[in-house]
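Here the structure comes first, spelled out in structure tokens, and everything after it is commentary.
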Amino acid sequence: MHQFNQGAFDIAHSNSVIEHVGLWESMQAMADEVRRVAPAYFIQTPSFWFPLEIHTRFPFFQFLPEPFRLWLLMNRDLGYMKQAADIGEATRLLQETFLLNKSQIQHLFPDASIHTERALGLPKSYIAIKR
């Protein structure tokens with residue numbers, strides 16, 4: 001993996017990536033790296049609270065019990081996700097995306113202002129901006 005120098009970039013941009021890097025520790029590592037390599041950044045991520053889960057395009061998917069989400073993944077194509085072949089693949093698909101709320105994104109980027117993009121008055125995504 002290539003290691004960039006501190007401040008190697010004028011600005012860093014990420015659109016709907018941080019929710020895919022893994023568990024919280026990996027999200028924190030990405031946020032730390034963004035802040036290390038660029039003094040300014042623009043990081044966007046979908047909101048946990050938006051009723052249409054953007055990756056599956058299934059209403060309220062993120063609020064459903066895990067066993068039902070796994071069943072859906074094994075029995076249907078959902079948005080960008082093709083029907084899983086087995087429980088292992090369904091579990092992997094489920095664990096590939098962790099939607100964040102506003103306080104989580106603020107914690108990851110404490111030196112940024114957090115902007116909420118809204119659709120129909122609901123929080124669709126969050127954008128961490130440091131100028």
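The values are calculated or read from the model by the stated rules, or taken from the named source; none is laboratory data. A quick note: this is a predicted structure, and the numbers were derived from the prediction, not measured. Note that we place each Cβ from the backbone using ideal geometry, even for glycine, and neighbour counts take in every protein chain shown.
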Residue within region 46-58 that is surrounded by fewer than 14 Cβ atoms within 10 Å (Cβ to Cβ), over 23 Å from Gln3 (Cβ atoms) and at pLDDT 95 or above present: yes
Pair list, Cβ < 9 Å and 6+ apart or interchain, from region 54-70 residues that are over 19 Å from Pro123 (Cβ atoms) to residues that are surrounded by fewer than 15 Cβ atoms within 10 Å (Cβ to Cβ): Leu70/Ile87
Selection count, region 107-131, where residues are free of Cβ contacts under 8 Å to residues at least 40 places away in the same chain and either within 13 Å of the chain's Cα centre (by Cα) or not assigned by TED's automatic domain parsing to the domain that holds Ser16 (or both): 0
Among (1) in contact with a strand residue (DSSP E or B) (Cβ under 8 Å, 6 or more places away or on another chain); (2) within 30 Å of Gln6 (Cα to Cα); (3) surrounded by 18 or more Cβ atoms within 10 Å (Cβ to Cβ), the one test that His115 misses: (3)
Residue satisfying all of: in region 1-33; part of a helix (DSSP H, G or I) and of a type in the set (Asp, Glu); surrounded by the fewest Cβ atoms within 10 Å (Cβ to Cβ) among these: Glu25
Every pair of residues 6+ apart whose Cβ atoms lie under 8 Å, when the first sits in region 8-37 and is within 15 Å of Ile129 (Cα to Cα) while the second is acidic (Asp, Glu) and part of a loop (DSSP other than H, G, I, E, B): Arg35/Asp111
